[in-house]
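Presented below is the structure to which this report refers.
The values are calculated or read from the model by the stated rules, or taken from the named source; none is laboratory data. Here the structure is a predicted model, which means the values were calculated and not measured. Heads up, the Cβs are rebuilt from the backbone with ideal geometry, glycines too, and the neighbour counts pull from every protein chain shown. For the accessible areas, the whole protein counts, side chains as well, though only heavy atoms, and no ligand, DNA or RNA atoms are used. Shrake-Rupley method; radii C 1.70, N 1.55, O 1.52, S 1.80 Å.
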Amino acid sequence: SQTDASEIAGSYAERHMRLMTDKLSRQADELRAANVRLSHLNRVLAMVSSINAVIVHVHERNRLLEEACRMAVAHGKFRFAWIGLVDADARTCTPIAAAGDDPARFNRVGTPGPIDPVAGRGLVHEAVMMRRAAVCNDIEAVQHQIRFGPDLVRAGHRSAIILPLIV
């Protein structure tokens, strides 16, 4: 009958519309995720470009490192950046430059910190000893395994990366 055919057509149209809407919604989510990744890559590119420009113009080491930290914050949009100097014999890392929105971290510039495995396998230890990037995506979950972990959590830091610069 005419009514049955129109109900079937209506039901089919609703299912088809629902499927198409779901598919478009998934594609929109994928595009948003790709846009976030692209935004992150653009920030990193801007930061690296800025640091490269500083390298060309600044020849004094401490000023260069301070500017690199500042560029990481200004262009990379990181909340805090620091550079430390490793003393392999003493097994310490001394922060020598820093920038960011966390004044408590600045108080540690010039103060050596242990990178000895006995002191705990923190991110700095991992990056220095393994000579590769050390990443933590959830500081709160491992705060007691990271030097100053509870301080970082209180300051609102949720993730961290340590990149070894090997000369």
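Enter the accessible area of Ser11 (Å², nearest 10), with the probe set to 1.4 Å and all protein chains included.
50 Å²
Whole-Hz ³J(HN,Hα) for each residue in the range 67-73, computed from phi via Karplus 6.51 cos²θ - 1.76 cosθ + 1.60 with θ = phi - 60°, x for glycine and proline: what do you get?
5, 4, 5, 4, 5, 4, 6
Rank Arg91, Arg26, Arg63 by mean-square fluctuation in a GNM of the chain with C-alpha springs under 10 angstrom and give only the top-ranked residue.
Ranking Arg91, Arg26, Arg63 by mean-square fluctuation puts Arg26 first.
Starting at the first residue of the range 140-147, write each ³J(HN,Hα) from the Karplus equation 6.51 cos²θ - 1.76 cosθ + 1.60 with θ = phi - 60°, in whole Hz, x for Gly and Pro.
4, 5, 10, 4, 7, 9, 10, 4
Most mobile of Arg32, Arg79, Arg70 per a Gaussian network model of the chain (Cα springs, under 10 Å)?
Answer for the Gaussian network model of the chain: Arg32.
Hey, in the GNM for the chain with a 10 angstrom Cα cutoff, which one of Cys93, Cys69, Cys136 fluctuates hardest?
Looking only at Cys93, Cys69, Cys136, the biggest GNM fluctuation is shown by Cys136.
Work out from phi, with θ = phi - 60° and the Karplus expression 6.51 cos²θ - 1.76 cosθ + 1.60, the ³J(HN,Hα) of each residue of the range 32-46, listed in order in whole Hz, and give x for Gly and Pro.
So the J values, rounded to whole Hz, are 4, 5, 5, 5, 5, 4, 4, 4, 4, 5, 5, 4, 5, 4, 4.
Find out how many positive minus negative residues lie around Gly76, taking Lys and Arg as positive, Asp and Glu as negative, among other residues whose Cβ is under 14 Å from that of Gly76.
Details: positive: Arg43, Arg70, Lys77, Arg79; negative: Glu67, Asp101.
Charge balance near Gly76 sits at +2.
Per 5 Å bin, what is the whole-percent P(r) computed from every C-alpha pair distance within the chain?
Pairs per bin, as whole percents: 1, 8, 11, 16, 15, 12, 8, 5, 4, 3, 3, 3, 3, 3, 2, 1, 1, 0, 0.
Could you order Val73, Val54, Val167 so the one with the most accessible surface comes first? Probe is 1.4 Å.
Details: Val73 40, Val54 15, Val167 185 Å².
Of Val73, Val54, Val167, the descending order of accessible area is Val167, Val73, Val54.
Quick one: plug the Kirkwood hydrodynamic radius of the range 1-91 (C-alpha pairs) into Stokes-Einstein at 4 °C, 1.567 mPa s, and report D in µm²/s.
Working: Rh = 18.0 Å.
Stokes-Einstein gives a translational diffusion coefficient of 72 µm²/s.
Report the accessible area of Arg18, computed with a 1.4 Å probe over the heavy atoms of all protein chains in place, in Å² rounded to the nearest 10.
Around 130 Å² of this residue is reachable by solvent.
To the nearest 20 debye, what charge dipole does the chain have about its Cα centre, counting +1 at the Cβ of each Lys and Arg and -1 at the Cβ of each Asp and Glu?
Working: 21 positive and 18 negative charges, 68 e Å.
Value, rounded to 20: 320 debye.
Please give the length that would be gained between Ile55 and Met17 if that part of the chain were fully extended, namely 0.36 nm times their separation in residues minus their C-alpha to C-alpha distance (nm, one decimal).
Working: separation 38, 0.36 × 38 = 13.68 nm, distance 5.64 nm.
Result for the pair: 8.0 nm of gain on full extension.
Report the net charge of residues surrounding Pro164, where surrounding means a beta-carbon distance below 10 angstrom and charges are Lys +1, Arg +1, Asp -1, Glu -1. Intermediate values should be presented prior to the final figure.
Details: positive: Arg131, Arg132; negative: Glu126.
Combined, the nearby Lys, Arg, Asp and Glu give +1.
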